[in-house]
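*Asks:* Here it is, the structure in full.
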Amino acid sequence: MSFLACAGAAAFAPLPARAAYDWKAVSNDEWRKRLTSAQYAVLRDHGTEFPGSSPLEKEHRAGTYACAACDLALYSSKTKFESGTGWPSFYEPLPHAVDTSNDNSIGEERTEVHCHRCGGHLGHVFPDGPPPTGLRYCMNGVALQFHPAKA
Ligand SMILES: [Zn+2]
């Protein structure tokens, strides 16, 4: 009897919350349809855009920079600075916006930055940025979309 009671209790255990959209399960074929070829080359294929090619490098309005693939907010315009590198640069991401991993792909140790939600490649972070963090998040503008702050 006690066994049956336990089985019954298990059957009525609350169901897990409805799964959130699984961005990391989106296939490369699907990403090819959703992204431009330039976005795909960076976000899914770890490419790097030509320096100076992104209009976002010269973007100076207040607002938020989001992932071009999944639209997760990644950086505030408040943390953007002129790095002179030709790539949009920030000294700090928004909380829980990006993840980092080691990248030795060019025989030099670099820290890769990718979107926390979809895993898309964004750029790299270097320890030569300005205060207060001393970090330089060197981003591919094509991997970002800018949302101006509402006036
Ligand atoms: Zn993303």
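*Asks:* Would you work out the charge dipole size for the chain about its Cα centre, treating the Cβ of every Lys and Arg as +1 and the Cβ of every Asp and Glu as -1, and quote it to the nearest 20 debye? Kindly include the intermediate steps, with their values, before the conclusion.
*Replies:* Values: 14 positive and 16 negative charges, 124 e Å.
So the magnitude is around 600 debye.
*Asks:* Same structure, new question: Under 26 Å Cα-Cα from K80, which lysines qualify once same-chain neighbours fewer than 8 residues away are excluded?
*Replies:* Qualifying lysines at Cα under 26 Å: K58, K150.
*Asks:* Quick check: net charge around L135, other residues with Cβ under 11 Å of its Cβ, Lys/Arg +1 and Asp/Glu -1?
*Replies:* Here the count lands on -1.
*Asks:* Mind sorting L43, L94 by how few other Cβ atoms lie within 10 Å of their own Cβ, fewest first? Could you put the intermediate results ahead of the total?
*Replies:* On the way: L43 28, L94 17.
If I rank by nearby Cβ atoms, fewest first, I get L94, L43.
*Asks:* Under a 5 Å amide H to amide H cut-off, with H placed in plane at 1.01 Å, what residues pair with L144 once short-range neighbours are removed?
*Replies:* So L144 has HN proximity to A68.
*Asks:* Would you mind computing, in nm to one decimal, how far apart the modelled labels at D128 and H46 are, each placed 7 Å from Cα along Cα→Cβ?
*Replies:* Result for the modelled spin labels: 2.2 nm.
*Asks:* For a quick check, take a GNM of the chain with Cα springs below 10 Å and name the residue from E92, E59, E30 with the largest mean-square fluctuation.
*Replies:* Between E92, E59, E30, it is E30 that shows the largest mean-square fluctuation.
Every read-out reported here was derived from the displayed coordinates using simple, explicitly stated rules and does not represent laboratory data. Since this is a predicted model, take the numbers as computed values, not measurements. Backbone-built Cβ (ideal geometry, glycine too); neighbour counts: all protein chains shown.
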